[in-house]
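The block underneath contains the structure these notes are about, expressed in structure tokens.
The values are calculated or read from the model by the stated rules, or taken from the named source; none is laboratory data. The model shown is predicted, which means the values in this text are computed figures rather than measured ones. In this analysis, Cβ positions are derived from the backbone assuming ideal geometry, glycine residues included, and neighbour counts consider all displayed protein chains. Ligands, DNA and RNA are excluded from the accessible area calculation, which covers all protein heavy atoms including side chains. Shrake-Rupley method; radii C 1.70, N 1.55, O 1.52, S 1.80 Å.
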Amino acid sequence: ILGFSTPPGRLSMMAFILNALTCALALLYFIRRGKQCLDFTVTVHFFHLLGCWMYNSRFPATLTWWLVHVVCTALMAAIGEYLCMRIELREIPLNSAPKSNV
């Protein structure tokens, strides 16, 4: 069903790309470490590959399937790492005023 020539194929590819963007936000919420984003992204897509393989009873062999998933993996990892690095590189506020807890 994935393909550039039919409207359902284009819609499915856009759904995969939107899923990659929302999963990048999930990486920010759950992982919060830029170094671990690629690991979790590849793990999620590997489990998706296994699920597709079991569901269809055959290994995915179409070029468009692989292209869409490579692009989605790259998008999810890059955007997730960018978002996590923005959080990691925030300045740590230092209060120089003395505390008085009397």
What number of residues within the range 37-96 are of a type in the set (S, T, N, Q) and within 9 Å of the chain's Cα centre (by Cα)?
2
Given the criteria touching a Cys at 6+ places or on another chain (Cβ under 9 Å), among the hydroxyl-bearing types (Ser, Thr, Tyr) and surrounded by 15 or more Cβ atoms within 10 Å (Cβ to Cβ), does THR73 qualify?
no
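Confirm whether ARG90 is more than 24 Å from MET14 (Cα to Cα), assigned to a helix (DSSP H, G or I) and free of Cβ contacts under 8 Å to residues at least 24 places away in the same chain.
Here the answer is no, as ARG90 does not meet what is asked.
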So which residues in the range 1-55 are of a type outside the set (A, V, I, L, M, F, W, C), open to solvent by 80 Å² or more (accessible area, probe 1.4 Å) and assigned to a loop (DSSP other than H, G, I, E, B)?
SER5, ARG32, ARG33
